[in-house]
Amino acid sequence: MQKPAYLTISVDDGYPLDLRAAELLNRHGLKATFYIPATNPEYEVMTKEQVRELSRRFEIGGHTYSHLSLTLKSDAEARADILDGKHWVEDVTGLPVRAFCYPQGKFTARIVEWVKEAGFIGARTCFFNRSEMPRDPYRCGVSTHTHNHSALIQVRHALLEGNFKGVVDFFRVHKAERDWEIHFQHAVSAVERRGGVAHLFFHTWEIDQQRDWDKLARVLEYVAGRKQLTRVTNGELFALCRARMTDAV
Ligand SMILES: [Zn+2]
C-alpha cells in the first residue's frame, strides 16, 4: 500500500514581505504556517493588522514574543517568552494557536516541556534534510531551507544539532545538492516514492536578500503540480503525528 505523502511549508519571522509569499501560495492553493514573534531585534515584523489579515487564510504559529534564543534565557524568562508569544498571536488573530517554532532552532529537553505546558501540540526545529513523518511532534524537522548551503555547512550544522538522520539523508535523499530548488525536488521525489513529508522552509527577508522571488515562485508552482502530495499546515502535520503515536500505543 502507498504510504501517505504530505507537503507542508513554513515561513518564519513575520517579515512584511510574508504578504508577497502569501500571494504566491494563494495562487496555487498551497497551505503554509507562518511563525511570527511579536518583536524581532534583527528584522521588521508585520503590523498586527497584517498578521490578522494573513491569519484568515494561513495558520499562524508561535515563535516566542521576543525572538531571542530560548537557550540563552533564564528558565523563568524562557517559559514566559513561549507563553507570551502564544498569547500575543491569539490576541492578534482571535484564533487558537497550536504550532510552535524554536527561535534559531535552539531548544533543550526542558524547553520542549515548557512548549508542551504552554499548550502547543508540536514544534518545528531547524533539523534540515528530513523528509520522514516525525516521530516526535516537538522535534519536527524540515526537508529544505531555501538557502544554497554547502555540503560542509549542511553536515556541520546537522552534527552540531545532533541531527544524525539529516546527515545521512543529505547524501542519500538530497544527493549532497547545494542548489535549494533541486535539493527540495529530491525530497519531493523521495516522499512520492516512499511516503513521508516534503517540508519547505523559508524566511522572506532571506528570499529578498538572495533575489530568489522568481525561484520561489517556480518551486511553489512545481510543488503545486505534485498532486500525489496531501497539503497540510504544520499544525495539521503535528496532529497527524500525534494520532499515529496514539495508534501505536
Ligand atoms: Zn525565526
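Read-outs throughout are calculated quantities, based only on the coordinates presented, and are distinct from any laboratory measurement. Source: prediction; values computed, not measured. Here the Cβ positions follow ideal geometry from the backbone for every residue, glycine too, while neighbour counts run over all protein chains shown.
Some notes on this structure:
- Between the range 203-249 and the range 112-150, the Cα center-to-center distance that results, in Å: 12 Å
- CD proxy at 222 nm, helix term only [per DSSP H run n ≥ 4: -39500 (n - 2.57); per residue of the chain; nearest 500]: -14000 deg cm²/dmol
- Magnitude of the charge dipole for the chain, about its Cα centre and with charges confined to Cβ atoms of Lys, Arg (+1) and Asp, Glu (-1), is about 1020 debye.
- Kirkwood estimate for the chain, i.e. one over the average of 1/r between Cα atoms, Å: 18.0 Å
- With contacts taken as Cα pairs under 8 Å and at least 6 residues apart, the chain reaches a relative contact order of 26 percent.
- Diffusion coefficient, µm² s⁻¹, Stokes-Einstein with Kirkwood Rh over alpha-carbon pairs of the range 55-182 at 4 °C and 1.567 mPa s: 83 µm²/s
- In the chain, taking the dipole from charged Cβ atoms about the Cα centre, the farthest positive-side position among Thr8, Ala21, Ile82 is held by Thr8.
- Set the Cα radius of gyration of the range 129-249 against 2.2 N^0.38 Å, with N its number of residues, and you get 1.07.
- Semi-axes of the equivalent ellipsoid of the range 1-72 are 24, 17, 9 Å, computed as sqrt(5λ) over the eigenvalues of the C-alpha gyration tensor in descending order.
- Dimensionless Rg ratio for the range 70-134, taking C-alpha atoms and the 2.2 N^0.38 Å reference: 1.15
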